[in-house]
Structures are given as C-alpha cells and as structure tokens.
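One structure is given here, and the rest of the page talks about it.
Please treat every number below as a calculation from the coordinates, not as lab data. Quantities reported herein were computed from a predicted structural model and do not represent experimental measurements. Because the Cβ atoms are built from the backbone with ideal geometry, glycine has one as well, and the counts that use them run over all protein chains shown.
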Amino acid sequence: MIIVTTETVPGMEIRELKGFVKGNTVQSKNIGRDIMAGLKTIVGGEITDYTEMMDEARQKAIHRMVEDAKSKGANAIICMRLQSSAVMQNASEIIAYGTAVYVE
C-alpha cells in the first residue's frame with residue numbers, strides 16, 4: 001500500500017477514487033506510566049513510555065486505515081493525515097485518515 005500526504009503519487013496516475021478511509025484507536029495511560037511520568041517531570045526530559053505508547057497508537061491507526069483501503073480495492077492512500085485528541089481524562093484518540101485510490 002502506497003501512503004502519501006500529497007494529492008498525487010509521483011510517477012503514477014490515479015485511475016479510480018475509492019473514497020474516504022480511516023483508522024483509529026483510543027489509548028489510555030496506566031498507573032505505572034503515570035508514576036514514572038510524574039517522577040520524570042521533576043527532573044525533566046522525554047517521557048519515553050508515553051512516546052512509545054503514542055507511537056504504537058499511530059501504527060495501529062495507520063494499519064486500520066490501510067485495512068479499510070484494501071477492503072475498498074485501493075492500492076494507495078493520498079492526502080493522509082494524523083490527528084490526536086483527548087477523549088476523556090487520561091485517554092487519547094489517534095486517527096489516521098485519507099482518500100483511498102487505485103493508481104497505475
């Protein structure tokens with residue numbers, strides 16, 4: 001699956017628009033990560049547990065978006081975007097979305 005943030009795939013022609021596709025996940029923090037994050041805020045620096053958690057969430061969302069595109073017969077996704085939001089205290093949603101297309 002080709003994934004680009006642009007409106008076209010360089011060197012290829014869009015033959016068919018398959019429509020909007022998306023994938024999302026909601027991740028919550030756990031008590032162990034919260035304790036370690038609290039300690040980290042005292043000394044400063046990157047909170048690697050949260051960085052890893054959000055990276056996993058992005059990968060899940062992108063994977064689900066790709067599965068949605070495949071189910072529509074697409075071989076590429078253009079205009080791909082990632083967005084995050086807090087859905088409740090201690091939980092964030094990551095959504096990946098774009099336009100599924102068939103390119104040659």
Here the alpha-carbon Rg of the chain over 2.2 N^0.38 Å rounds to 1.34
Interchain or sequence-distant (5+) residues whose placed amide H lies within less than 5 Å of the amide H of Ile2 are Ala76, Ile77
Taking a crude spin-label model, label points 7 Å out from Cα along the C-beta direction, the Ala91 to Glu56 distance in nm is 1.7
With label points set 7 Å from each Cα along the Cα-to-Cβ direction at Phe20 and Arg81, the distance between them in nm comes to 1.1
